[in-house]
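Q: The structure under discussion is supplied below as structure tokens; questions concerning it will follow.
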Amino acid sequence: MAEKTTSMVSELRPGIYLFRATLGSHVYLLRGDKKNVLVDTGDGSAFPQLRASLRALGLRPRDIHLILLTHEHFDHIGATAYFPRTAVVAAHRLAANKIELQDDFVTFMKYFNPASRPFQADLWLEDDCLVDLGNYKLRCIHTPGHTSGCICLYELKERLLFSGDTVFIGGALSGITPSGSISDYMNSLQRLTALKVTGLCSGHGRLSDDPEGDILRGLEQARDLFEDTKTVFDALSRKRRKA
């Protein structure tokens, strides 16, 4: 994916920027016609770096109007509470519920992110809703698997897929964490194969040069993981019957 790079900030498309992770996840900025949007905020400890990246583009935290969270894990949401309350925070309803209840078993916030603060999501998103920025439009796609509240955001004009932890370069998958499901993972990736994707903007690692191929490879890896899981449970079941 072609990108213009300055330090930790890369311009992927006009007005669409990648802030590379120092702690936690990558953060993406979309400068809309009237609103500025962040996709994820990274670890709470990384907020000073995130603020510096915004400053490099002539922005301050109060210039962010909307924060879209791809799922509920601490390394993607931790810095959210450091933004002024003028920023509207949105997450899928299954992620928003866990964030509101401070479900540390799922978010891992208390265990791994002591710099975080409690916050709530203002908007509870549903599958297939649309965020219209004028120059860009983001379609919310519910992609459970890694967690129950995972979403991907598909930009309709540039055909970029902001995939969070759903799929990475090479088709690599995240683990199945509490509230996640391998069968949901398979279904989510199958849905993503129907998209025309020119850029895969994941939450970690390098950007993909073959996004559609990586999604297909991710689906194959999910299927392999599903079969491996079935084999393990079949073996455990046989062992119990013999006991």
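Q: Can you give the log10 of the normalised intensity I(q)/I(0) at q = 0.14, 0.15, 0.16 Å⁻¹, computed with Debye over equal Cα scatterers of the chain?
A: -0.86, -0.98, -1.12
Q: Please identify every one of the trypsin sites (Lys or Arg not before Pro) in region 83-152 that sits in a loop by DSSP and has no more than 13 other beta carbons within 10 Å of its own beta carbon.
A: Answer in residue order: ARG85.
Q: Sorted from fewest to most neighbouring beta carbons within 10 Å, what does the list SER45, SER25 look like? Don't skip to the answer; put the middle values down first.
A: Details: SER45 17, SER25 27.
With the fewest neighbours first, SER45, SER25 line up as SER45, SER25.
Q: Same structure again: Magnitude of the Cβ-charge dipole of the chain, K/R +1 and D/E -1, about the Cα centre, nearest 20 debye?
A: Rounded to the nearest 20 debye, it is 300 debye.
Q: Now, a different point. Taking R0 as 35 Å, what FRET efficiency do you get between GLU100 and ARG191 from their Cβ-Cβ distance, rounded to the nearest 0.05?
A: My answer for the efficiency is 0.85.
Q: Looking at this model, which pairs from LYS35/LYS157; LYS34/LYS157; LYS35/LYS110; LYS34/LYS196; LYS137/LYS196 are more than 23 angstrom apart at the alpha-carbon? Intermediate results must be reported in sequence, preceding the final value.
A: Values: LYS35/LYS157 17 Å; LYS34/LYS157 17 Å; LYS35/LYS110 32 Å; LYS34/LYS196 27 Å; LYS137/LYS196 15 Å.
In this structure, LYS35/LYS110; LYS34/LYS196 lie more than 23 Å apart at Cα.
Read-outs: derived from the displayed coordinates by stated rules, not from any lab. All values reported here derive from a predicted model rather than from experimental measurement. Glycine also receives a Cβ, built like all others from the backbone with ideal geometry; neighbour counts cover every protein chain displayed.
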